[in-house]
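Structure first, commentary second.
The values are calculated or read from the model by the stated rules, or taken from the named source; none is laboratory data. All values reported here derive from a predicted model rather than from experimental measurement. Cβ atoms come from the backbone with ideal geometry, glycine included; neighbour counts cover every protein chain shown.
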Amino acid sequence: MIKIENATKSFQGVNAIENLSLSIEKGEILGLLGANGAGKSTTINMLLGFIHPDSGSVFIDQMNVSEKTKEVRKLIGYIPENVNLYPYLSGIENLDYFCRLAGMKYEKRELEKFLITCGLQNNAFNNKVSTYSKGMRQKVGIAIAYAKKTKVYLLDEPASGLDPLASNELSILLKKLVAEGATILMASHDIFRVREVCDRIGILKKGNLVKEIRSRDVSANELENLYIEYMKN
Amino acid sequence: MWIIIKNELYSLYRNNALLAISIGFILALLLSILLGMVQAQNHTKSYEQAKNKLRKQWENIEGMNAHGAAHYGTYVFKPYDLLNSLDEGVNSVTGNVLKLEGHVQNEIVYSEASQMQFISKFGKLKSSLLLQYVLPLILIFLAFHSISSEKQSGRLKLLLLQEAKSLTIIWAKTLSVWLYGLALLTFTVSIYSLINLENISLDIGSRLLFFYLSYALFYFIISGLTVFFSAQYKNATVALTSMLGIWIVWTIFLPNIVMSSVEKWHDLPSRNEFQADMKEDRSKGLDGHNPLDERAKDLEAKTLEKYGVNDIADLPINFDGIRMQADEEYGNQVWDKHFGNLNNILAKQKQSYQLAGIFNPFISLKNASMGFAASDNYHHQNFLKQAENYRRRLIKALNDEHAYGGSKTGDWSWEPESDFYKSIPDYTYKPMSFSYSAPNYLIDISLLFIWSVLTSLFMFFGARKMEII
């Protein structure tokens, strides 16, 4: 579903990612671990079509993102670290607004269903988003992607700043989405969460994918040691 | 696009600070319109009172020959145009009372500025001030962070992923800010129309429509350019600074620089120089009050020949009246020559100033606003021209009465009947029709259109070059 082939991208002469290749199958979650500046966000922005690789190619559902940006974006849902919704609208109004932008008009009942699926509690639907916690906003963000019938979810540091309960709810939600056939790329610092949620884990360092492993092959401690080792070298 | 516009308008509606500003602005606008209308009513009332009193005096002139009445003269008052409460233009500085008398063309006096208390000379609350300076500033403050805030919050990515196009977002943001400006403008014009409902003719309606159009275009330019800057810069402060810089240059520096340059390019003679030239030319003509004047002697000879008599005492008419009228007509020629030149220079100055709208749409807005509100110098000159034409007809009628009314040459004690004075129509100013004056502002409205198209192009290229990250 997601394929990156030898992609290189530099900003002002400095390589943000270098010769990066990776692929994610349908129904799979890949976690990208890396320090700040490792190239995680650049990778996601390339997949979103907001930046294009200087060399190499990026594909989603076999479509070259640089060439078919518009078509590709129809398949993508993006959940940034901070889902900044319109604070003067309620959760359900935000969802309705973003759905309408994408040309989808849902009944209130359907919108509520999306929010429930994404874990938002009923009594919060009609509250202004300005009163929401970070985790609640994230759920609405995922609901926006979900309502769009997204095939690919790109998450940039989704667990950052979430309390353990919200973080756990996020893990459950992501697994549910994958069970429904979604493909997920999750960039994170959170080794424990990545290991728990993802099928595979890639370690990015200075724009290079230095290690790729299956989650089930390592324990949380082993993964932590491995990550630290790569970061030190 | 409408979905985004609706959301933007809702965000404006939810903005308490903006709500307070809007209410304050509306109250100030209402106050300025009402003050303007009270001023117009007071002006019209005093004008009518003075006019009636003068007419009564005129119709009951006694102990004065006809030429004496020409020296006695009369006063005309510049009427307050209905649209002046929207933009009073040059009216507050040009004066509104003009004495009409024989031999001289007086200057209009009693300007509002000359009557003001010192403190109010610094400026008063005017609709034009609010519409031209305050409202564009509000639009700038509303628009400067419209795109940059979406970028900074990361919402822009979400919007684009939901298939909203950059250009659509820029247009929607511009239009929502513009619609807010239009709402306040519409409110102003509607209130004004409602208050003056019974006086609104097709002519006033057309003026109002173009007045509205000029402001609507200017607000679009301001909104569009501010959103363009907001899209170009990641930092909203840079966008705000850029647009405020442009606004200051447009409203403060450029108009003054352009006006000073235009005055240098098309130099007007100084007041002393002008009066000295007029006096010199006037001295070359016939002196109506001096029977020994050489030209007066020539005219006398021609008149004697015309009537087939040898002595002025044998004339069946009063030659003094003919001589006075000849003096008047020569004076009129001198006035036409000098004021004609002056008007040509003024017209060139106006044209050059209008062309400066190429660099500054604010200049075009000011010209169009004053022009469509019938309060610019062009309309003022039209009043002066009509007053001068009336003066000429009046003085000619008086001199003709002196000459042909029944008296003989040298008989300065002969007085016309009061019916004669009553037969002279009072001065009535005919406002310039919209269709006649409108072509003068074609250049301003065209430049505002061109600027709007340019702004659209900026928005188009801005969308293409907009950095999302």
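Identify the residue in region B:219-249 that is within 13 Å of B:ILE170 (Cβ to Cβ) and of a type in the set (S, T, N, Q) and, among all such residues, is surrounded by the fewest Cβ atoms within 10 Å (Cβ to Cβ).
Per the stated criteria, the residue is B:GLN232.
Scanning for something in a helix (DSSP H, G or I), more than 14 Å from chain A (Cβ to nearest Cβ), in contact (Cβ under 8 Å) with a residue 24 or more places away in the chain and not aromatic (Phe, Trp, Tyr), does region B:6-19 turn up at least one residue?
Checking region B:6-19: not a single residue is in a helix (DSSP H, G or I), more than 14 Å from chain A (Cβ to nearest Cβ), in contact (Cβ under 8 Å) with a residue 24 or more places away in the chain and not aromatic (Phe, Trp, Tyr).
Please specify each residue of region B:209-224 satisfying the condition of being in contact (Cβ under 8 Å) with a residue 12 or more places away in the chain and of a type outside the set (Gly, Ala, Ser).
Within region B:209-224, B:PHE210, B:PHE211, B:TYR212, B:LEU213, B:TYR215, B:LEU217, B:PHE218, B:TYR219, B:PHE220, B:ILE221, B:ILE222 meet the criteria.
Search region B:233-255 for residues that are part of a helix (DSSP H, G or I) and pair each with any residue that is small (Gly, Ala, Ser) when their beta-carbon atoms are under 6 Å apart and the residues are at least 6 apart or on different chains.
Pairs that qualify, where the first residue is part of a helix (DSSP H, G or I) and the partner is small (Gly, Ala, Ser), are B:ALA236/B:SER148; B:ALA239/B:SER148; B:ALA239/B:SER230.
If B:GLY331 meets every condition in (1) surrounded by 13 or more Cβ atoms within 10 Å (Cβ to Cβ); (2) over 30 Å from B:SER364 (Cα atoms); (3) modelled with pLDDT under 85 apart from one, which number is that one?
The one condition B:GLY331 does not meet is (3).
Kindly establish whether B:PHE362 is more than 25 Å from B:VAL189 (Cβ to Cβ), buried (at least 18 other Cβ atoms within 10 Å of the Cβ) and either acidic (Asp, Glu) or in contact (Cβ under 8 Å) with a residue 24 or more places away in the chain (or both).
no
Mind checking which residues of region A:42-74 are of a type in the set (Asp, Glu) and on the phi < 0 side of the Ramachandran plot?
Result: A:ASP54, A:GLU67, A:GLU71.
Please find, within region A:37-70, the residue that is farthest from the other protein chains (Cβ to nearest Cβ) out of those that are of a type in the set (D, E, K, R) and in a loop (DSSP other than H, G, I, E, B).
A:GLU67
Going through region A:13-36 one residue at a time, which ones are part of a loop (DSSP other than H, G, I, E, B) and either within 14 Å of A:LEU185 (Cβ to Cβ) or at pLDDT 90 or above (or both)?
Answer for region A:13-36, where residues must be part of a loop (DSSP other than H, G, I, E, B) and either within 14 Å of A:LEU185 (Cβ to Cβ) or at pLDDT 90 or above (or both): A:GLU25, A:LYS26, A:GLY27, A:GLU28.
Could you list, in sequence order, the residues of region B:159-178 that are part of a loop (DSSP other than H, G, I, E, B) and either surrounded by 21 or more Cβ atoms within 10 Å (Cβ to Cβ) or among the hydroxyl-bearing types (Ser, Thr, Tyr) (or both)?
Within region B:159-178, just B:GLN162 meets the criteria.
Do you know which residues across region B:179-199 are free of Cβ contacts under 8 Å to residues at least 60 places away in the same chain and either outside any helix (DSSP H, G or I) or within 22 Å of B:HIS145 (Cα to Cα) (or both)?
B:GLY181, B:LEU182, B:ALA183
Quick check, is B:LEU182 within 14 Å of chain A (Cβ to nearest Cβ) and either among the aliphatic types (A, V, I, L, M) or touching a His at 6+ places or on another chain (Cβ under 6 Å) (or both)?
No.
Take region B:80-105 and flag every residue that is in a loop (DSSP other than H, G, I, E, B) and at pLDDT below 80.
Those that are in a loop (DSSP other than H, G, I, E, B) and at pLDDT below 80: B:TYR80, B:ASP81, B:GLY95, B:ASN96, B:GLU101, B:GLY102, B:HIS103, B:VAL104.
Before we move on, is B:LEU54 outside any loop (DSSP other than H, G, I, E, B), in contact (Cβ under 8 Å) with a residue 12 or more places away in the chain, in contact with a strand residue (DSSP E or B) (Cβ under 9 Å, 6 or more places away or on another chain) and of a type outside the set (Phe, Trp, Tyr)?
For B:LEU54, the condition - outside any loop (DSSP other than H, G, I, E, B), in contact (Cβ under 8 Å) with a residue 12 or more places away in the chain, in contact with a strand residue (DSSP E or B) (Cβ under 9 Å, 6 or more places away or on another chain) and of a type outside the set (Phe, Trp, Tyr) - is met.
Answer yes or no as to whether B:LYS337 is under 30 Å from B:LYS302 (Cα atoms) and assigned to a loop (DSSP other than H, G, I, E, B).
Considered against the rule, which asks whether it is under 30 Å from B:LYS302 (Cα atoms) and assigned to a loop (DSSP other than H, G, I, E, B), B:LYS337 comes out as no.
Please go through region A:83-103 and pick out each residue that is closer than 22 Å to A:ALA182 by Cβ and facing another protein chain (nearest Cβ under 9 Å).
Of everything in region A:83-103, those that are closer than 22 Å to A:ALA182 by Cβ and facing another protein chain (nearest Cβ under 9 Å) turn out to be A:VAL83, A:LEU85, A:PHE98, A:CYS99, A:LEU101, A:ALA102, A:GLY103.
Just give me the residues in region B:334-356 being at pLDDT below 90 and among the small types (Gly, Ala, Ser), in sequence order.
Scanning region B:334-356 gives B:GLY340, B:ALA347.
Could you list all residues from region A:213-226 that are outside any helix (DSSP H, G or I) and surrounded by 13 or more Cβ atoms within 10 Å (Cβ to Cβ)?
A:ILE213, A:VAL218
If you go through region A:12-35 one residue at a time, do you hit one that is within 14 Å of chain B (Cβ to nearest Cβ), closer than 26 Å to A:TYR227 by Cα, crowded, with 16+ Cβ neighbours inside 10 Å and not hydrophobic (A, V, I, L, M, F, W, C)?
No, that holds for no residue.
Would you confirm, using the coordinates I've provided, whether B:SER230 is among the polar types (S, T, N, Q), in contact with a Leu (Cβ under 6 Å, 6 or more places away or on another chain) and part of a helix (DSSP H, G or I)?
No; evaluated as a whole, the condition is false for this residue.
I'm checking my understanding of the structure. Among residues of region B:436-468 that are touching a residue at least 60 places away in the same chain (Cβ under 8 Å) and of a type in the set (Gly, Ala, Ser), which one is surrounded by the most Cβ atoms within 10 Å (Cβ to Cβ)?
B:GLY462
Do the conditions hold for B:ILE3, that is, is it assigned to a helix (DSSP H, G or I) and at the interface with chain A (Cβ under 10 Å from one of its Cβ atoms)?
yes
If you go through region B:140-158, how many residues are facing another protein chain (nearest Cβ under 10 Å) and either crowded, with 23+ Cβ neighbours inside 10 Å or touching a residue at least 24 places away in the same chain (Cβ under 8 Å) (or both)?
5
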